[in-house]
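Trainee: Attaching a single structure in C-alpha coordinates format; questions to follow.
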Amino acid sequence: MGKISYFGAMTIALVFATSAFGAVGTLAQPEKSAAPVALQRMQNQFCRALAPTGWNIVDQDDHGATFSLASPSHNIVAAYGVASINGGQVAGLYGPQYRTPALFAQYLASTIMGGQALTVTAIRPFNGMQVMNFAAGKGRGFAIYRVFPLPSDPEGYVISVRIAIGGGISDVSTAGAVAASIDCKTAFKAPQGGYAEVHAKSAETGISQRCKSGDCNDADLAGTYNMQLGTGYVHSASGTNYLVNPSTDYRDTGPDGPGYYRQAGNTMEKLLPGRSD
(Lines give C-alpha, C1' and ligand atoms only; values in the text may rest on other atoms or scores of the structure.)
Protein backbone atom coordinates (compact mmCIF):
# COMPACT_ATOMS: atom_id res chain seq x y z
CA MET A 1 0.00 0.00 0.00
CA GLY A 2 2.95 2.32 0.52
CA LYS A 3 3.41 4.75 3.35
CA ILE A 4 0.38 6.36 4.93
CA SER A 5 0.33 9.86 6.33
CA TYR A 6 -1.15 9.56 9.80
CA PHE A 7 -3.02 12.33 11.54
CA GLY A 8 -4.61 12.24 14.99
CA ALA A 9 -8.24 11.15 15.10
CA MET A 10 -8.98 13.83 17.67
CA THR A 11 -7.74 16.48 15.26
CA ILE A 12 -9.90 15.27 12.39
CA ALA A 13 -12.97 15.18 14.61
CA LEU A 14 -12.29 18.70 15.87
CA VAL A 15 -11.90 20.06 12.35
CA PHE A 16 -15.17 18.49 11.29
CA ALA A 17 -16.96 19.79 14.36
CA THR A 18 -15.68 23.33 13.94
CA SER A 19 -16.44 23.85 10.28
CA ALA A 20 -19.02 21.36 9.10
CA PHE A 21 -21.51 21.87 11.93
CA GLY A 22 -22.20 25.35 10.60
CA ALA A 23 -22.34 24.00 7.09
CA VAL A 24 -25.07 21.46 7.70
CA GLY A 25 -27.61 23.92 9.08
CA THR A 26 -31.07 22.40 9.50
CA LEU A 27 -30.83 19.73 6.82
CA ALA A 28 -34.51 20.37 6.24
CA GLN A 29 -35.01 21.22 2.59
CA PRO A 30 -33.76 19.02 -0.23
CA GLU A 31 -32.07 20.72 -3.15
CA LYS A 32 -32.84 19.33 -6.58
CA SER A 33 -31.36 20.17 -9.97
CA ALA A 34 -32.11 18.86 -13.42
CA ALA A 35 -29.36 16.77 -14.98
CA PRO A 36 -26.88 17.11 -16.51
CA VAL A 37 -25.53 19.38 -13.78
CA ALA A 38 -22.27 21.18 -14.57
CA LEU A 39 -19.54 20.52 -12.03
CA GLN A 40 -16.78 22.90 -11.03
CA ARG A 41 -13.32 21.88 -9.87
CA MET A 42 -12.60 22.93 -6.30
CA GLN A 43 -9.17 22.44 -4.80
CA ASN A 44 -6.46 23.50 -2.40
CA GLN A 45 -2.80 22.56 -2.19
CA PHE A 46 -3.53 18.93 -1.35
CA CYS A 47 -7.11 18.06 -2.33
CA ARG A 48 -9.47 18.51 -5.25
CA ALA A 49 -13.10 17.67 -5.90
CA LEU A 50 -15.96 18.19 -8.34
CA ALA A 51 -19.07 19.97 -7.07
CA PRO A 52 -22.09 21.80 -8.53
CA THR A 53 -21.87 25.56 -9.02
CA GLY A 54 -22.21 27.50 -5.77
CA TRP A 55 -20.75 24.86 -3.49
CA ASN A 56 -17.98 25.94 -1.12
CA ILE A 57 -15.08 24.36 0.72
CA VAL A 58 -16.04 24.38 4.41
CA ASP A 59 -13.22 22.33 5.90
CA GLN A 60 -9.61 21.76 4.93
CA ASP A 61 -6.48 21.09 6.87
CA ASP A 62 -2.88 21.72 5.87
CA HIS A 63 -1.99 18.06 5.32
CA GLY A 64 -4.73 16.74 3.05
CA ALA A 65 -6.22 14.68 5.88
CA THR A 66 -9.65 16.34 5.73
CA PHE A 67 -11.59 18.08 2.99
CA SER A 68 -15.29 18.96 3.09
CA LEU A 69 -17.69 20.87 0.85
CA ALA A 70 -21.24 22.19 1.28
CA SER A 71 -24.04 23.36 -1.00
CA PRO A 72 -25.00 27.07 -1.16
CA SER A 73 -27.74 26.68 1.45
CA HIS A 74 -25.50 24.43 3.58
CA ASN A 75 -28.13 21.67 3.51
CA ILE A 76 -25.89 19.19 1.71
CA VAL A 77 -22.40 18.21 2.86
CA ALA A 78 -19.72 15.98 1.34
CA ALA A 79 -16.71 15.17 3.53
CA TYR A 80 -13.50 13.16 3.31
CA GLY A 81 -11.03 12.23 6.01
CA VAL A 82 -8.20 9.80 6.70
CA ALA A 83 -7.08 9.13 10.27
CA SER A 84 -5.03 6.72 12.33
CA ILE A 85 -6.55 5.19 15.45
CA ASN A 86 -4.04 3.80 17.93
CA GLY A 87 -4.37 0.81 20.21
CA GLY A 88 -5.21 2.93 23.24
CA GLN A 89 -8.12 4.48 21.43
CA VAL A 90 -9.31 1.05 20.27
CA ALA A 91 -9.16 -0.12 23.89
CA GLY A 92 -11.58 2.67 24.82
CA LEU A 93 -9.15 4.82 26.82
CA TYR A 94 -10.35 7.96 25.03
CA GLY A 95 -14.01 7.07 24.61
CA PRO A 96 -16.04 4.36 22.90
CA GLN A 97 -16.15 6.10 19.51
CA TYR A 98 -12.76 4.70 18.43
CA ARG A 99 -13.27 1.07 19.37
CA THR A 100 -14.30 -0.01 15.86
CA PRO A 101 -14.16 1.61 12.40
CA ALA A 102 -17.96 1.58 12.26
CA LEU A 103 -18.26 3.45 15.55
CA PHE A 104 -15.68 6.00 14.42
CA ALA A 105 -17.46 6.58 11.09
CA GLN A 106 -20.73 7.01 12.99
CA TYR A 107 -19.04 9.43 15.38
CA LEU A 108 -17.70 11.57 12.52
CA ALA A 109 -21.10 11.70 10.84
CA SER A 110 -22.75 12.71 14.11
CA THR A 111 -20.11 15.40 14.64
CA ILE A 112 -20.74 16.86 11.18
CA MET A 113 -24.47 16.93 11.96
CA GLY A 114 -23.90 18.97 15.09
CA GLY A 115 -23.67 16.13 17.55
CA GLN A 116 -27.10 14.68 16.78
CA ALA A 117 -27.66 11.07 17.79
CA LEU A 118 -27.65 8.93 14.66
CA THR A 119 -29.71 5.88 13.90
CA VAL A 120 -27.68 3.46 11.78
CA THR A 121 -30.16 1.86 9.41
CA ALA A 122 -27.82 -0.50 7.57
CA ILE A 123 -24.19 -1.53 7.16
CA ARG A 124 -23.10 -3.61 4.21
CA PRO A 125 -19.95 -4.40 2.25
CA PHE A 126 -19.53 -2.97 -1.23
CA ASN A 127 -16.58 -3.52 -3.52
CA GLY A 128 -13.97 -3.81 -0.76
CA MET A 129 -15.51 -0.98 1.29
CA GLN A 130 -18.15 -0.72 4.01
CA VAL A 131 -21.27 1.40 3.51
CA MET A 132 -23.13 2.70 6.58
CA ASN A 133 -26.54 4.34 6.10
CA PHE A 134 -27.82 6.59 8.88
CA ALA A 135 -30.54 9.09 9.77
CA ALA A 136 -30.86 11.84 12.39
CA GLY A 137 -33.74 14.26 12.75
CA LYS A 138 -34.55 15.62 9.30
CA GLY A 139 -31.18 14.60 7.88
CA ARG A 140 -29.89 11.39 6.44
CA GLY A 141 -26.82 10.12 4.69
CA PHE A 142 -24.16 7.48 4.46
CA ALA A 143 -20.50 6.88 5.21
CA ILE A 144 -18.38 4.75 2.92
CA TYR A 145 -15.05 3.68 4.34
CA ARG A 146 -12.04 1.39 4.04
CA VAL A 147 -9.84 0.15 6.86
CA PHE A 148 -6.12 -0.61 6.72
CA PRO A 149 -3.57 -1.89 9.24
CA LEU A 150 -1.60 0.66 11.25
CA PRO A 151 2.01 -0.52 10.79
CA SER A 152 3.30 1.27 13.88
CA ASP A 153 0.60 -0.22 16.12
CA PRO A 154 -0.87 -3.66 15.35
CA GLU A 155 -3.73 -2.98 17.76
CA GLY A 156 -4.80 0.14 15.87
CA TYR A 157 -6.12 0.85 12.38
CA VAL A 158 -6.23 3.47 9.64
CA ILE A 159 -9.59 4.54 8.25
CA SER A 160 -10.31 6.39 5.02
CA VAL A 161 -13.91 7.64 5.09
CA ARG A 162 -16.23 9.65 2.86
CA ILE A 163 -19.48 11.01 4.28
CA ALA A 164 -22.53 12.29 2.40
CA ILE A 165 -25.34 14.14 4.22
CA GLY A 166 -28.53 15.78 2.96
CA GLY A 167 -32.16 16.42 3.72
CA GLY A 168 -33.56 14.02 1.13
CA ILE A 169 -32.59 11.11 -1.08
CA SER A 170 -31.63 13.24 -4.09
CA ASP A 171 -29.50 15.47 -1.86
CA VAL A 172 -27.65 12.48 -0.44
CA SER A 173 -27.03 11.16 -3.96
CA THR A 174 -25.50 14.49 -4.99
CA ALA A 175 -23.41 14.62 -1.81
CA GLY A 176 -22.23 11.08 -2.45
CA ALA A 177 -21.04 11.94 -5.95
CA VAL A 178 -19.18 14.99 -4.63
CA ALA A 179 -17.63 12.99 -1.78
CA ALA A 180 -16.51 10.25 -4.18
CA SER A 181 -14.72 12.81 -6.36
CA ILE A 182 -12.52 14.09 -3.51
CA ASP A 183 -8.91 13.21 -4.26
CA CYS A 184 -6.21 14.22 -1.76
CA LYS A 185 -2.48 14.04 -2.42
CA THR A 186 -1.20 12.70 0.85
CA ALA A 187 1.13 9.82 1.63
CA PHE A 188 -2.02 7.66 1.63
CA LYS A 189 -1.55 5.84 -1.67
CA ALA A 190 -3.34 3.21 -3.70
CA PRO A 191 -2.10 -0.36 -3.25
CA GLN A 192 0.66 -1.43 -5.60
CA GLY A 193 -0.93 -2.41 -8.88
CA GLY A 194 -3.95 -0.20 -8.33
CA TYR A 195 -7.42 -1.12 -7.19
CA ALA A 196 -8.46 -4.50 -8.57
CA GLU A 197 -12.00 -3.83 -7.33
CA VAL A 198 -12.28 -1.00 -9.86
CA HIS A 199 -10.76 -2.95 -12.73
CA ALA A 200 -13.16 -5.83 -12.16
CA LYS A 201 -16.25 -3.61 -12.37
CA SER A 202 -18.04 -1.88 -15.22
CA ALA A 203 -18.14 1.63 -13.80
CA GLU A 204 -17.95 3.87 -16.86
CA THR A 205 -19.67 6.85 -15.27
CA GLY A 206 -18.11 6.44 -11.83
CA ILE A 207 -14.41 6.72 -12.59
CA SER A 208 -11.82 8.95 -14.24
CA GLN A 209 -10.27 8.65 -17.67
CA ARG A 210 -6.97 7.95 -15.92
CA CYS A 211 -8.56 4.96 -14.18
CA LYS A 212 -9.86 3.63 -17.47
CA SER A 213 -6.22 3.45 -18.53
CA GLY A 214 -5.44 1.35 -15.46
CA ASP A 215 -4.27 4.06 -13.01
CA CYS A 216 -7.06 4.02 -10.41
CA ASN A 217 -7.02 5.65 -6.98
CA ASP A 218 -9.15 5.80 -3.84
CA ALA A 219 -11.56 8.30 -5.41
CA ASP A 220 -12.16 5.97 -8.37
CA LEU A 221 -12.96 3.12 -6.02
CA ALA A 222 -15.44 5.32 -4.15
CA GLY A 223 -16.96 6.33 -7.48
CA THR A 224 -17.99 2.75 -8.19
CA TYR A 225 -20.73 3.29 -5.60
CA ASN A 226 -22.29 6.13 -7.62
CA MET A 227 -24.47 3.79 -9.65
CA GLN A 228 -26.12 2.67 -6.39
CA LEU A 229 -27.01 6.34 -5.79
CA GLY A 230 -28.38 6.95 -9.28
CA THR A 231 -25.53 9.30 -10.17
CA GLY A 232 -22.66 9.32 -12.61
CA TYR A 233 -20.02 11.59 -14.12
CA VAL A 234 -19.81 12.55 -17.78
CA HIS A 235 -17.70 15.17 -19.52
CA SER A 236 -17.58 17.24 -22.66
CA ALA A 237 -14.84 17.14 -25.28
CA SER A 238 -13.46 20.36 -23.75
CA GLY A 239 -13.12 18.68 -20.33
CA THR A 240 -16.12 20.14 -18.47
CA ASN A 241 -17.59 17.58 -16.07
CA TYR A 242 -21.30 16.99 -15.45
CA LEU A 243 -23.40 14.96 -13.03
CA VAL A 244 -26.12 12.75 -14.52
CA ASN A 245 -28.54 10.02 -13.56
CA PRO A 246 -27.47 7.05 -15.73
CA SER A 247 -30.87 5.38 -15.48
CA THR A 248 -32.85 8.38 -16.75
CA ASP A 249 -30.43 10.64 -18.65
CA TYR A 250 -29.05 8.09 -21.08
CA ARG A 251 -30.64 8.54 -24.52
CA ASP A 252 -31.07 5.50 -26.73
CA THR A 253 -31.41 7.84 -29.69
CA GLY A 254 -29.61 11.10 -30.27
CA PRO A 255 -27.99 13.16 -33.04
CA ASP A 256 -24.73 11.24 -32.59
CA GLY A 257 -26.16 7.94 -31.46
CA PRO A 258 -26.92 6.55 -27.97
CA GLY A 259 -25.37 8.36 -25.01
CA TYR A 260 -25.60 11.37 -22.72
CA TYR A 261 -26.32 14.83 -24.11
CA ARG A 262 -26.51 18.43 -23.03
CA GLN A 263 -28.06 21.42 -24.74
CA ALA A 264 -25.31 23.62 -26.19
CA GLY A 265 -27.00 26.61 -27.80
CA ASN A 266 -29.13 25.28 -30.61
CA THR A 267 -27.38 21.92 -30.74
CA MET A 268 -27.14 18.81 -28.62
CA GLU A 269 -23.60 17.98 -27.50
CA LYS A 270 -22.83 14.34 -26.82
CA LEU A 271 -21.00 13.81 -23.53
CA LEU A 272 -18.42 11.17 -22.74
CA PRO A 273 -18.79 8.80 -19.76
CA GLY A 274 -16.61 9.29 -16.67
CA ARG A 275 -14.65 12.21 -15.20
CA SER A 276 -12.33 14.07 -17.54
CA ASP A 277 -9.22 13.74 -15.33
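Trainee: State all residues of the stretch 20-47 that are of a type in the set (S, T, N, Q), in a strand (DSSP E or B) and modelled with pLDDT under 95; if no residue qualifies, say none.
Mentor: Within the stretch 20-47, GLN43 is the sole residue that qualifies.
Trainee: Just to be sure I understand, how many residues within the stretch 155-177 are of a type in the set (Gly, Ala, Ser), farther than 13 Å from ASN226 by Cα and not in a strand (DSSP E or B)?
Mentor: 3
Trainee: Now a separate question. Considering only residues that are over 12 Å from ILE57 (Cα atoms), of a type in the set (A, V, I, L, M) and within 16 Å of the chain's Cα centre (by Cα), which ones fall in the stretch 77-90?
Mentor: Passing the criteria: VAL82, ALA83.
Trainee: Continuing with the same structure: Name the one entry in PHE134, PHE148 that is in a strand (DSSP E or B), in contact (Cβ under 8 Å) with a residue 60 or more places away in the chain, more than 15 Å from the chain's Cα centre (by Cα) and farther than 15 Å from TYR80 by Cα.
Mentor: Result of the check over PHE134, PHE148: PHE148.
Conditions tested, residue by residue: (1) in contact with a helix residue (DSSP H, G or I) (Cβ under 6 Å, 6 or more places away or on another chain); (2) farther than 23 Å from GLY274 by Cβ; (3) in a loop (DSSP other than H, G, I, E, B).
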residue: ALA49; (1), (2), (3): yes, no, no
residue: VAL58; (1), (2), (3): yes, yes, no
residue: HIS63; (1), (2), (3): no, yes, yes
residue: PHE67; (1), (2), (3): no, no, no
residue: HIS74; (1), (2), (3): yes, yes, yes
residue: SER84; (1), (2), (3): no, yes, no
residue: TYR94; (1), (2), (3): no, yes, yes
residue: GLN97; (1), (2), (3): yes, yes, no
residue: LEU103; (1), (2), (3): yes, yes, no
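Trainee: Moving on to the next point. Exactly one condition in (1) surrounded by fewer than 20 Cβ atoms within 10 Å (Cβ to Cβ); (2) in contact with a helix residue (DSSP H, G or I) (Cβ under 6 Å, 6 or more places away or on another chain); (3) in contact (Cβ under 8 Å) with a residue 60 or more places away in the chain; (4) closer than 25 Å to ALA91 by Cβ is not met by GLY128; state its number.
Mentor: Here GLY128 clears every test but (4).
The values are calculated or read from the model by the stated rules, or taken from the named source; none is laboratory data. Here the structure is a predicted model, which is why all the values come from computation and not from measurement. FYI the Cβ positions are ideal-geometry reconstructions off the backbone, even for glycines, and counts take in every protein chain you see.
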